[in-house]
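> To start, I am sharing the structure in question, which I have written as structure tokens.
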Ligand code: 13P
Ligand code: SF4
């Protein structure tokens, strides 16, 4: 059986849209109807008229689509988790608020912002406190807007993203639990990180800069602040693709983000900013076979949840949606 052909036939017969993040393997990526960064995927999935969404990505992305389009049935061919999103849950979030309170910051003086890489439970708690969601492509705007409230920003879960944008905006940041003075900071970050983007280091930047005089360094804001500081361009996955596609052919560039995406960019003069292969282990788990099996079960339409179907708690969904909609308003 030719899996690719079977998938294409099933897609034609079914009322389904296949969505894939840039970090998916090529074989899955090329069969998607919609591709993009986290923000684009959330927006475009909401707009498709299809009853079924097959989301090839990680859990928070599929959950986001279900929250924004509760009438759709969202399935993930493989339930893959984002390691960073798993670093904080509802209890850890509550604990962070407690730590801020202990440092003398009242809850009513906190405006929480959660990176979209978080669970529905965390987004809901943020929504209930009047806060909102951001992605790597709109974080600057969202934080800027958040600051207008005159409150301190609690940024969860990615400390790197929080610190990188604080630096860009000339703001003071602190990380919960590292001993720094939380009260003096404008942006207080939870101590989460992405294990994939942690692999890029200043040594990697120096290696490429030493090797090629005129090379540019482009990195994702989930990289450590030391790497972003040493980069010529920092942006979301879509912003990185645009930046690299617009470079003159002869311009060398080393890119600090996931392997599958970088490998799909122009072949000449593009390098991965690491001596290891930085694949997102869970994103990378979705295979053609998973996609086929997931589509196959839709042929027998039924009410009970399908294998891999995303179901979100009703109260979490309501408040997480509010936090997501506040982002879309901006
Ligand atoms: P983007 O929103 O830039 O696609 O980032 C998502 C992500 O998880 C990067 O690790
Ligand atoms: Fe999560 Fe990092 Fe994978 Fe992105 S690359 S999905 S942040 S673990």
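The values are calculated or read from the model by the stated rules, or taken from the named source; none is laboratory data. This one's a predicted model, so the numbers in the text were calculated from it and none came from an experiment. A quick note on method: Cβ atoms are made from the backbone with ideal geometry, for glycine too, and the neighbour counts reach across all protein chains shown.
> Residues that are in contact with a strand residue (DSSP E or B) (Cβ under 7 Å, 6 or more places away or on another chain), within 15 Å of ligand 1 (Cβ to nearest atom) and closer than 30 Å to residue 325 by Cβ: does the range 177-193 have at least one?
Yes: one or more hits.
> Are any residues in the range 274-289 away from ligand 1 (no atom under 16 Å from the Cβ), assigned to a loop (DSSP other than H, G, I, E, B) and under 29 Å from residue 2 (Cβ atoms), and if so, which ones?
Residue satisfying the conditions is 287 alone.
> Just one of the numbered conditions (1) closer than 30 Å to residue 124 by Cβ; (2) touching a helix residue (DSSP H, G or I) at 6+ places or on another chain (Cβ under 8 Å); (3) within 15 Å of ligand 2 (Cβ to nearest atom) is not true of residue 227; which one?
If we test residue 227 against (1) closer than 30 Å to residue 124 by Cβ; (2) touching a helix residue (DSSP H, G or I) at 6+ places or on another chain (Cβ under 8 Å); (3) within 15 Å of ligand 2 (Cβ to nearest atom), just (1) comes out false.
> So which residues in the range 120-141 are within 14 Å of ligand 1 (Cβ to nearest atom) and either crowded, with 20+ Cβ neighbours inside 10 Å or in a loop (DSSP other than H, G, I, E, B) (or both)?
133, 134, 135, 136, 137, 138, 139
> So, in the range 37-64, how many residues would count as being within 16 Å of ligand 1 (Cβ to nearest atom) and more than 20 Å from residue 114 (Cβ to Cβ)? Walk me through it before giving the result.
Start the filter on the range 37-64 by keeping residues that are within 16 Å of ligand 1 (Cβ to nearest atom), which leaves 37-46, 55-64.
When the remaining residues are screened for being more than 20 Å from residue 114 (Cβ to Cβ), the result is 44, 56.
The total comes to 2.
> Right, here's the next one. Please go through the range 42-76 and give me each residue that is within 16 Å of ligand 2 (Cβ to nearest atom) and not in a helix (DSSP H, G or I), ordered by number.
Of everything in the range 42-76, those that are within 16 Å of ligand 2 (Cβ to nearest atom) and not in a helix (DSSP H, G or I) turn out to be 55, 56, 57, 58, 76.
> Would you mind finding the one in 271, 243 that is under 25 Å from residue 162 (Cβ atoms) and either more than 16 Å from ligand 1 (Cβ to nearest atom) or surrounded by fewer than 18 Cβ atoms within 10 Å (Cβ to Cβ) (or both)? Lay out the reasoning, then the answer.
Numbers: 271 fails: under 25 Å from residue 162 (Cβ atoms).
Sole residue among the options that is under 25 Å from residue 162 (Cβ atoms) and either more than 16 Å from ligand 1 (Cβ to nearest atom) or surrounded by fewer than 18 Cβ atoms within 10 Å (Cβ to Cβ) (or both): 243.
> Does any residue of the range 270-281 turn out to be at pLDDT 95 or above, closer than 26 Å to residue 86 by Cα and more than 15 Å from ligand 2 (Cβ to nearest atom)?
Scanning the range 270-281 turns up no residue that is at pLDDT 95 or above, closer than 26 Å to residue 86 by Cα and more than 15 Å from ligand 2 (Cβ to nearest atom).
> Being within 29 Å of residue 41 (Cβ to Cβ), within 16 Å of ligand 2 (Cβ to nearest atom) and assigned to a strand (DSSP E or B): is that true of residue 255 here?
Against the criterion (within 29 Å of residue 41 (Cβ to Cβ), within 16 Å of ligand 2 (Cβ to nearest atom) and assigned to a strand (DSSP E or B)), residue 255 qualifies.
> Exactly one condition in (1) closer than 26 Å to residue 275 by Cα; (2) surrounded by fewer than 16 Cβ atoms within 10 Å (Cβ to Cβ); (3) touching a residue at least 60 places away in the same chain (Cβ under 8 Å); (4) away from ligand 1 (no atom under 16 Å from the Cβ) is not met by residue 204; state its number.
With respect to (1) closer than 26 Å to residue 275 by Cα; (2) surrounded by fewer than 16 Cβ atoms within 10 Å (Cβ to Cβ); (3) touching a residue at least 60 places away in the same chain (Cβ under 8 Å); (4) away from ligand 1 (no atom under 16 Å from the Cβ), residue 204 is out only on (2).
> Among the listed residues 67, 88, which satisfies the condition of being within 16 Å of ligand 1 (Cβ to nearest atom) and either at pLDDT 95 or above or over 13 Å from the mean Cα position of the chain (by Cα) (or both)?
Just one listed residue meets the conditions, 88.
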